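For reference, the structure discussed in these notes is given below.
The values are calculated or read from the model by the stated rules, or taken from the named source; none is laboratory data. Everything numeric here is computed off the predicted structure, so don't read it as measured data. Heads up, the Cβs are rebuilt from the backbone with ideal geometry, glycines too, and the neighbour counts pull from every protein chain shown. Surface areas here come from the heavy atoms of the whole protein model, side chains and all, with no ligands, DNA or RNA. Shrake-Rupley method; radii C 1.70, N 1.55, O 1.52, S 1.80 Å.
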Amino acid sequence: MNVTQLHDKFEKIRANKLFESFVIAVIVISALLVGAKTYDMPPSFASVTLILDWFISLFFLTEISIRFLAEPNKRYFFKSFWNWFDTLIVLISLIPADDAELAVVARLVRVFRVLRMISIIPELRVLLVSLVKALPQLGYVMLLMFIIFYIYAAIGSTLFEQINPVLWGDITISLLTLFRIMTFEDWTDVMYETQEVYSLSWIFYLTFIFFTAFAFLNMVIGIVVNVMEQESAKARKLEEEASNEPTMHDLMDELVRLREKVEQQSNGQR
């Protein structure tokens, strides 16, 4: 078996949907195994979980090796952030969990193996990339929201401090109280308490909820959805370009046909 045939074999394994589904299943089992270790287990079950943990680590090592060998140009493999992330998680997962000094680190890394689901499933990658790319635009929205928070916190601390200093004692406590109101955590109790002194204080709460929970939340959703649509369009375009590109096997076949054609022409001239 030559190098080209071996590469095509690894490429078929990597592109196989059944193999991809099996990788996802192993990631889910790995997550369940981490959760199971948080319970008190009998010694026999603990030994089984240890064997499963090593099997999962070896499987992930095999899977990342297959992906590396299936890459046509090995230099470009580590240009992808997701390949770096997967390789790092897999290598650190090989740290023995029974070592007293490294046990905590090894267990924490095994928890992060669940994040490999993002690198395996393209739709999850699009979601995460969209969220990261939306952060610069979200920063201005967050800044404007903080300004609104600060104004309302100053007003609330000034008007309501004597009513309930626990909730409105200073501007920092007022900010926490406003966050509680924005998340609708018993916010009516806070409002009814101040309404006993200021009957029109409901205007303060309703306008704040309108600005934060409704207006700004919809702005955030709109920005994320817009970036997500752009990233989805880019992903579809890349998939179309990749499907139209000839594979290594197709190039080799084309070279063989050209060589045969040249040999036939040379034989005809003779």
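Some observations on this one:
- Scan of the range 138-154 for residues that are surrounded by fewer than 16 Cβ atoms within 10 Å (Cβ to Cβ) and touching a residue at least 12 places away in the same chain (Cβ under 8 Å), ordered by number: 144, 150, 154
- Taken over the range 174-194, the criterion of being farther than 17 Å from residue 210 by Cβ and either assigned to a loop (DSSP other than H, G, I, E, B) or without any contact (Cβ under 8 Å) to a residue 12 or more places away in the chain (or both) is satisfied by 176, 185, 186, 189, 192.
- Selection status of residue 176, exposed (fewer than 13 other Cβ atoms within 10 Å of the Cβ) and aliphatic (A, V, I, L, M): yes
Residue-by-condition table, conditions (1) free of Cβ contacts under 8 Å to residues at least 40 places away in the same chain; (2) basic (Lys, Arg); (3) open to solvent by less than 80 Å² (accessible area, probe 1.4 Å); (4) assigned to a helix (DSSP H, G or I):
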position: 12; (1), (2), (3), (4): yes, yes, no, yes
position: 24; (1), (2), (3), (4): no, no, yes, yes
position: 27; (1), (2), (3), (4): no, no, yes, yes
position: 35; (1), (2), (3), (4): yes, no, yes, yes
position: 38; (1), (2), (3), (4): yes, no, no, no
position: 49; (1), (2), (3), (4): yes, no, yes, yes
position: 87; (1), (2), (3), (4): yes, no, yes, yes
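- Here is the figure for the range 123-137: residues that are under 30 Å from residue 18 (Cα atoms), open to solvent by 50 Å² or more (accessible area, probe 1.4 Å) and touching a residue at least 24 places away in the same chain (Cβ under 8 Å) total 3.
- Scope the range 156-170; condition surrounded by 14 or more Cβ atoms within 10 Å (Cβ to Cβ) and part of a helix (DSSP H, G or I); matching residues: 156, 157, 159, 160, 167, 168
- Selection status of residue 116, open to solvent by less than 40 Å² (accessible area, probe 1.4 Å) and either of a type outside the set (Gly, Ala, Ser) or not in a loop (DSSP other than H, G, I, E, B) (or both): yes
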